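Before any comments, here is the structure.
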Amino acid sequence: MADSSRRDFMGKVFGGWAALGGLGALYAAKKTWDPLPSVKAAGFTKVDLSAAEPNVLNVEKWRGKPIFILKKTPEMVAKQSEEETARDVVVGKDHFLVCIGLCTHLGCIPAYRPDRHDFKCACHGGEFDVSGINTLPPPPSPMVIPPFKIEGTTIVLGEEGPEYKKMKEAGVIA
Amino acid sequence: MAHFEKAHSLEEWLDQRLAIKTLRRVLAEEYWIPKNINFLWAMGMVLAFTFGILVVSGIFLLMYYQPNVDLAFDSVNYTIMQEVEFGWLWRHMHAVAASVVFLIIYIHMFTGIYYGSYKKGRELIWISGMLLFVSFSAEAFSGYMLPWGQMSYWAGMVITNLFSLGSLELNGLVEWIRGDYVPGQAFLTRFFMLHVFLLPLVIMALIGLHFGTLRIPHVNNQDGEEIDFDEEAKKYLAGKTKEAKVIRFANDFLSKDMFVVSIFLIFYFYLVFWHFDFAMDPINFDPADGLKTPPHIYPEWYFLWSYEILRPFPKDPGLVAFGFAQVIFFLLPFLDKSPNVAPASRRGIFAVWFWVLLLDMIVLTVMGKLPPQGIYSTIGLVAAVVFIALWILLPFITKKEKAV
């Protein structure tokens with residue numbers, strides 16, 4: 001009896017010790033799969049907006065993803081609803097669409113149609129308006145606005161500037 | 001220590017140390033197979049053989065493949081295809097076998113469904129087989145990433161995005177799986193490891209388990225007849241081989257297996273030498289480009305049916321339907337409430353269920369390949385709803401079934 005309870009005790013101690021080691025190993029495995037510091041550090045991109053042509057889509061690369069930057073013509077801005085204007089990035093007098101150019105359904109790149117002022121995703125047929133708002137399913141939400149900061153006529157992607165924070169407070173960015 | 005005597009042959013020497021005669025008896029000579037089974041029962045051996053081809057051709061490809069985002073594409077499409085002597089052979093053998101293995105898996109699965117080989121006592125055969133199907137799917141998907149072409153990249157993008165689980169927006173989880181914001185170096189090396197080491201290891205272990213699950217319930221037969229294997233084996237061993245309902249696995253049934261395998265190999269090598277391109281997507285001959293999506297993204301033919309179940313619905317219901325399609329086959333032994341182990345042709349309405357399911361999956365496959373527009377979207381939606389309805393109906397249909 002005494003013997004077996006001593007063995008039980010040792011079993012429990014061993015089990016507890018092993019569980020602790022197991023948790024440590026799981027934590028290490030989790031951290032190993034996180035993006036590397038070099039990947040995270042490369043997460044900032046600067047784009048000069050002064051040379052942008054109206055109604056011509058510029059595609060920049062940020063964190064490996066395509067970023068749509070589109071300068072809107074005054075007519076386009078005039079036609080917009082309030083909801084759409086709230087998503088504009090304003091630099092001086094110019095209104096820009098700045099968003100991650102990935103369809104919010106499954107991550108394909110929608111194509112811009114300059115004559116219709118909208119985006120069409122060929123893969124599953126989704127459509128977005130010129131402010132990146134989804135107008136035809138399957139995409140369930142507007143294209144995402146990346147964190148940005150405005151420095152003169154330059155936009156820095158990856159950093160949260162006051163304009164971005166304001167959009168966030170206004171609930172434009174989820 | 002055991003007692004050892006002087007051995008008079010290598011076999012005897014090994015037998016004293018490894019019990020190879022007992023092993024051979026248990027695994028081959030006295031592993032009993034019913035006589036009344038047709039060529040469809042040889043698909044397991046065809047699969048084992050094809051897996052062997054995949055392993056060997058994969059080893060040869062591995063000698064020149066570079067798991068690096070800058071080098072991977074050229075190491076496959078230039079080095080292996082142009083420079084390495086017979087490199088093209090290994091690549092075509094690997095690609096064609098990877099595609100054809102799914103054709104055989106589907107035949108193997110539907111044979112099991114048709115003859116009720118998943119019924120009481122054989123549930124684990126079915127479940128371990130489905131686990132094999134899932135790991136083969138993961139193996140195929142991770143392998144598809146390796147040439148790092150456009151389809152590799154975008155398939156990787158789309159499939160890993162599924163892990164954000166729709167409106168739950170678990171983008172952190174997706175980035176953790178990729179090790180990057182988009183499929184990149186971390187992603188490629190990760191899937192390389194999965195494809196060449198971890199998943200093959202899992203598959204080999206599961207093949208062992210799948211064989212093990214057969215040992216006690218034994219394989220089913222064409223009539224679903226319940227055979228007393230001990231009794232029949234006794235008859236066979238007593239020399240009444242004509243009377244016995246069973247034969248030895250090796251070399252008796254194995255000879256039939258290998259005959260079917262050789263017919264299969266004629267078909268397989270015909271594809272390898274003359275129609276290897278059916279297993280290759282032209283879009284994957286463009287190098288991966290994160291800033292350009294191909295106009296149509298679709299998976300290989302063997303995933304089209306489950307892809308088409310995802311596609312016609314809005315995002316969240318689509319994901320639920322997709323998840324349903326992935327797991328529902330596992331539950332087949334428990335959803336089929338009928339006590340009958342018999343071919344579908346003798347089971348009344350179940351026969352209709354079987355053929356409708358098969359046809360529906362073919363329709364889903366065809367629609368999955370076509371662009372999601374107009375009438376194709378509608379047909380796809382109807383077929384996806386029919387698929388789900390069939391599985392919901394199954395317990396009700398089979399509960400009413402009369403014993404045969």
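The values are calculated or read from the model by the stated rules, or taken from the named source; none is laboratory data. For clarity, every value in this text was computed on a predicted model and none was experimentally measured. Quick reminder, even Gly has a Cβ in these numbers, built from the backbone with ideal geometry, and neighbours come from all protein chains shown. The protein model used for the area step is the full one, side chains on, heavy atoms only, and it has no ligands, DNA or RNA in it. Shrake-Rupley method; radii C 1.70, N 1.55, O 1.52, S 1.80 Å.
Any residue that is at pLDDT 80 or above and touching a Lys or Arg at 6+ places or on another chain (Cβ under 8 Å) - is there at least one of those in the stretch A:164-171? Even if it seems obvious, please write down each step before you answer.
Here is the first cut: in the stretch A:164-171, the ones at pLDDT 80 or above are none.
Among the residues of the stretch A:164-171, not one is at pLDDT 80 or above and touching a Lys or Arg at 6+ places or on another chain (Cβ under 8 Å), which makes the answer no.
Quickly run through the stretch B:287-297 and pick out the residues that are more than 9 Å from chain A (Cβ to nearest Cβ) and under 27 Å from the mean Cα position of the chain (by Cα). Steps first, please.
Residues of the stretch B:287-297 more than 9 Å from chain A (Cβ to nearest Cβ): B:287-289.
Hits for the stretch B:287-297: nothing passes.
Conditions: (1) under 30 Å from residue A:124 (Cα atoms); (2) loosely packed, with under 14 Cβ neighbours inside 10 Å. Residue B:377 meets all but one. Number of the miss?
(2)
Return the pairs, sorted by first residue and then second, in which the second residue is open to solvent by less than 30 Å² (accessible area, probe 1.4 Å) and at pLDDT 90 or above, the first residue lies in the stretch B:315-337 and is under 30 Å from residue A:124 (Cα atoms) and within 14 Å of chain A (Cβ to nearest Cβ), the beta carbons are less than 7 Å apart, and the residues are 6+ apart or on different chains.
Sorted first by the residue in the stretch B:315-337, then by its partner, the pairs are B:321/B:309; B:321/B:384; B:322/B:306; B:322/B:309.
Considering only residues that are surrounded by 18 or more Cβ atoms within 10 Å (Cβ to Cβ) and acidic (Asp, Glu), which ones fall in the stretch B:301-338?
Residues satisfying the conditions are B:308, B:336.
Could you check the stretch A:128-174 and list, in sequence order, the residues that are within 14 Å of chain B (Cβ to nearest Cβ) and open to solvent by 40 Å² or more (accessible area, probe 1.4 Å)?
Once the filter is applied, which keeps residues that are within 14 Å of chain B (Cβ to nearest Cβ) and open to solvent by 40 Å² or more (accessible area, probe 1.4 Å), the stretch A:128-174 yields A:134, A:136, A:137, A:140, A:142, A:144, A:174.
Applying the selection to the stretch B:304-317, what residues are more than 14 Å from residue B:360 (Cα to Cα) and either of a type in the set (Phe, Trp, Tyr) or not in a helix (DSSP H, G or I) (or both)?
Initial filter on the stretch B:304-317 (more than 14 Å from residue B:360 (Cα to Cα)): B:310-317.
Those that are more than 14 Å from residue B:360 (Cα to Cα) and either of a type in the set (Phe, Trp, Tyr) or not in a helix (DSSP H, G or I) (or both): B:311, B:312, B:313, B:314.
Do you know which residues across the stretch B:48-69 are crowded, with 19+ Cβ neighbours inside 10 Å, hydroxyl-bearing (Ser, Thr, Tyr) and assigned to a loop (DSSP other than H, G, I, E, B)?
B:65 - this is the single residue of the stretch B:48-69 that is crowded, with 19+ Cβ neighbours inside 10 Å, hydroxyl-bearing (Ser, Thr, Tyr) and assigned to a loop (DSSP other than H, G, I, E, B).
Name the strands (runs of 3 or more DSSP E) wholly inside the stretch A:56-154 in which the number of residues that are over 24 Å from residue B:163 (Cα atoms) is 2 or more.
On the way: elements: A:57-62, A:65-71, A:89-91, A:94-100, A:111-113, A:118-120, A:127-129, A:134-136, A:148-151.
Correct list: A:57-62, A:65-71, A:89-91, A:94-100, A:111-113, A:118-120, A:148-151.
Every residue, every condition in (1) of a type outside the set (Ser, Thr, Tyr); (2) within 23 Å of residue B:302 (Cβ to Cβ); (3) under 15 Å from the mean Cα position of the chain (by Cα), yes or no:
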site: B:29; (1), (2), (3): yes, no, no
site: B:35; (1), (2), (3): yes, no, no
site: B:42; (1), (2), (3): yes, yes, yes
site: B:70; (1), (2), (3): yes, no, no
site: B:85; (1), (2), (3): yes, no, no
site: B:108; (1), (2), (3): yes, yes, yes
site: B:111; (1), (2), (3): no, yes, yes
site: B:122; (1), (2), (3): yes, no, no
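I'd like the full set of residues that are open to solvent by 30 Å² or more (accessible area, probe 1.4 Å) and modelled with pLDDT of 80 or more, limited to the stretch A:73-110.
Going through the stretch A:73-110, the residues open to solvent by 30 Å² or more (accessible area, probe 1.4 Å) turn out to be A:74-75, A:77-79, A:81-86, A:90, A:92-95.
Of everything in the stretch A:73-110, those that are open to solvent by 30 Å² or more (accessible area, probe 1.4 Å) and modelled with pLDDT of 80 or more turn out to be A:94, A:95.
Give the number of residues within the stretch B:175-211 that are among the aromatic types (Phe, Trp, Tyr), part of a helix (DSSP H, G or I) and touching an Asp or Glu at 6+ places or on another chain (Cβ under 8 Å).
Just the residues of the stretch B:175-211 that are among the aromatic types (Phe, Trp, Tyr), to begin with: B:176, B:181, B:187, B:191-192, B:197, B:211.
When the remaining residues are screened for being part of a helix (DSSP H, G or I), the result is B:176, B:187, B:191-192, B:197, B:211.
Checking the rest, the ones that are also touching an Asp or Glu at 6+ places or on another chain (Cβ under 8 Å) come to B:176, B:187.
Result for the stretch B:175-211: 2.
Please verify whether the stretch B:127-150 includes one or more residues that are touching a Ser or Thr at 6+ places or on another chain (Cβ under 9 Å), acidic (Asp, Glu) and either in contact (Cβ under 8 Å) with a residue 60 or more places away in the chain or open to solvent by 20 Å² or more (accessible area, probe 1.4 Å) (or both).
No.
Just one of (1) within 14 Å of chain A (Cβ to nearest Cβ); (2) buried (at least 20 other Cβ atoms within 10 Å of the Cβ); (3) polar (S, T, N, Q) trips up residue B:189, so point out which.
Of (1) within 14 Å of chain A (Cβ to nearest Cβ); (2) buried (at least 20 other Cβ atoms within 10 Å of the Cβ); (3) polar (S, T, N, Q), only one is false for residue B:189: (2).
Within the stretch B:152-174, is even one residue open to solvent by less than 40 Å² (accessible area, probe 1.4 Å) and either away from chain A (no Cβ under 11 Å) or part of a loop (DSSP other than H, G, I, E, B) (or both)? Reasoning before the result, please.
Applying the first criterion (open to solvent by less than 40 Å² (accessible area, probe 1.4 Å)) to the stretch B:152-174 yields B:152-158, B:160-162, B:164, B:166, B:174.
From what's left, either away from chain A (no Cβ under 11 Å) or part of a loop (DSSP other than H, G, I, E, B) (or both): B:152.
The answer is yes, given that some residue of the stretch B:152-174 is open to solvent by less than 40 Å² (accessible area, probe 1.4 Å) and either away from chain A (no Cβ under 11 Å) or part of a loop (DSSP other than H, G, I, E, B) (or both).
Look at residue B:355 and say whether it is more than 27 Å from residue B:95 (Cα to Cα), within 26 Å of the chain's Cα centre (by Cα) and open to solvent by 40 Å² or more (accessible area, probe 1.4 Å). It would help to see each step written out before you state the result.
Values: more than 27 Å from residue B:95 (Cα to Cα): yes; within 26 Å of the chain's Cα centre (by Cα): yes; open to solvent by 40 Å² or more (accessible area, probe 1.4 Å): yes.
When the stated conditions are applied, residue B:355 passes them.
Given the structure, is residue B:72 open to solvent by less than 30 Å² (accessible area, probe 1.4 Å) and either in contact (Cβ under 8 Å) with a residue 24 or more places away in the chain or touching a Phe, Trp or Tyr at 6+ places or on another chain (Cβ under 7 Å) (or both)? Give the derivation first.
Working: open to solvent by less than 30 Å² (accessible area, probe 1.4 Å): yes; either in contact (Cβ under 8 Å) with a residue 24 or more places away in the chain or touching a Phe, Trp or Tyr at 6+ places or on another chain (Cβ under 7 Å) (or both): yes.
Judged against the criteria, residue B:72 is a match.
Can you find a residue in the stretch A:27-43 that is charged (D, E, K, R), within 14 Å of chain B (Cβ to nearest Cβ), within 24 Å of residue B:289 (Cβ to Cβ) and open to solvent by less than 70 Å² (accessible area, probe 1.4 Å)?
Of the residues in the stretch A:27-43, the ones charged (D, E, K, R) are A:30-31, A:34, A:40.
When the remaining residues are screened for being within 14 Å of chain B (Cβ to nearest Cβ), the result is A:30-31, A:34, A:40.
Adding the requirement that they be within 24 Å of residue B:289 (Cβ to Cβ) leaves A:40.
With the extra rule that they be open to solvent by less than 70 Å² (accessible area, probe 1.4 Å), the set shrinks to none.
No, the conditions are met nowhere in the stretch A:27-43.
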